[in-house]
Amino acid sequence: MLRVEDNKFLTESGPGTGMGELLRRFWLPVLLSEELPEPDGEPKKIIVLGVELLAFRDSRGQVGVIDQYCPHRGANLWLGRNEECGIRCVYHGWKFDTAGACVDMPTSYPDLNAKDKIRIKAYPVREWGDMIWAYMGPADQVPELPALEMALVPPSHRYVSKKWQDCNWVQALEGSIDTAHFTFAHLAFEKQQDEILDIKKHFVNPLLRMSTDHMRWIAEDPRPVIKINPHEAGLTIAGGRLTGSDNIYWRIAQFLMPVHSYAPSAMPGENISARASCRSPTPIAGSTPMPGIRSGRSRMRSATPTTAATA
């Protein structure tokens, strides 16, 4: 159990927080590409690491992520017009491109060049693995995009999805790499007193399994031995369970900095489309839940903080 102050430090990811500053040094997934399906389409409000942002796809198909509010009078640019390579504020018509430059200021005399002195905060953006990634850290320290397997394979070999989790980003990440909860959260044990437990029947998974041995091992040994191997990108976490023989049943997960995880999906003897489940929870706000962007067939989870809640 963490102390309250340690929990607060670990989970809060807003501006000026220790964890927030660390997370800002990495690319984070903020949207699925399909959520901005067309040029000059409807913009999307997003909250990442406690900051209210606006994402839009301009006339050239380029994605921008900028502050949500116009620097002039604070009008919400989500109400603006996405047109001709920029988002135009509906209040005074100031228009900003994906790089944050003010490209039109109809309320000012052209000879003053006032628009050249105005910018809105904009963040580097990349589309990678059918997701939109943003970088919110120092401009002179932009890292390479993470070489996650699901982004390296052809689009036909991955499935990308997004879900909301009512928890902080650390809890979402922990759930992906923790194998001990599998005995209880993913097995159901309802039966009559004189009924023999059919583990396969009660297994909470729609896929038919080729063998029930692993389910029995999971059910009968709720105390897996945990082995952790640090590496330059994160951690390999293995949970070993007794099998009633000399063998140990190992479930192996990966944690990759800062928010990504590969959860074990296939069971012994299976090859389910060579699936690896990669998950990336993206933090939203300091004491509110967070959306996790989840992709698959390298089904990836990445926890992107919005502002982290308490654990």
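Computed over protein heavy atoms with a 1.4 Å probe, the carbon and sulfur contribution to the accessible area of the range 1-81 reaches 53%. The residues of the range 20-114 present an accessible area of 46 Å² per residue when probed at 1.4 Å with all protein chains retained. The amide H of SER13, built 1.01 Å from its N in the peptide plane, has GLY286, ALA308 as neighbours under 5 Å, considering only residues 5 or more places off or on other chains.
I need the calculated FRET efficiency for the pair VAL103 and TRP250, taking r as the beta carbon distance and R₀ as 41 Å, to the nearest 0.05. Efficiency, rounded to the nearest 0.05: 0.15.
Which entries of LYS121/LYS163; LYS95/LYS117; LYS45/LYS163; LYS8/LYS44 show an alpha-carbon separation above 23 angstrom in the structure shown? The answer is LYS121/LYS163; LYS8/LYS44. Charge tally for GLU84 (other residues, Cβ to Cβ under 15 Å; Lys, Arg +1; Asp, Glu -1): 0.
Seen from PRO71, the other residues with C-beta closer than 10 Å to its C-beta sum to a net charge of +2, counting Lys and Arg as +1 and Asp and Glu as -1. Shown in residue order for the range 65-74 are the 3J(HN,Hα) couplings computed by the Karplus curve 6.51 cos²θ - 1.76 cosθ + 1.60 at θ = phi - 60°: 10, 10, 4, 6, 10, 5, x, 6, 10, x Hz (x for Gly and Pro). When +1 charges are put on Lys and Arg Cβ atoms and -1 charges on Asp and Glu Cβ atoms, the dipole computed for the range 1-123 relative to its Cα centre reaches about 300 debye.
Computed over neighbours whose Cβ is under 12 Å from that of PRO39, the net charge equals -4, Lys and Arg +1, Asp and Glu -1. With protein chains left intact and a 1.4 Å probe, residues in the range 131-189 average 52 Å² of accessible area per residue. Fully extending the segment from LYS45 to ALA147, taken as 0.36 nm per residue of separation minus the present Cα-Cα distance, adds 34.0 nm. For the range 38-43, putting each phi into the Karplus relation 6.51 cos²θ - 1.76 cosθ + 1.60 with θ = phi - 60° gives couplings of 8, x, 6, x, 5, x Hz, in residue order, rounded to whole numbers and with x for Gly and Pro.
The values are calculated or read from the model by the stated rules, or taken from the named source; none is laboratory data. All values reported here derive from a predicted model rather than from experimental measurement. Note: ideal-geometry Cβ built from the backbone for every residue, glycine included; neighbour counts use all protein chains shown. Surface accessibility is based on the protein's heavy atoms, side chains included, excluding ligands, DNA and RNA. Shrake-Rupley method; radii C 1.70, N 1.55, O 1.52, S 1.80 Å.
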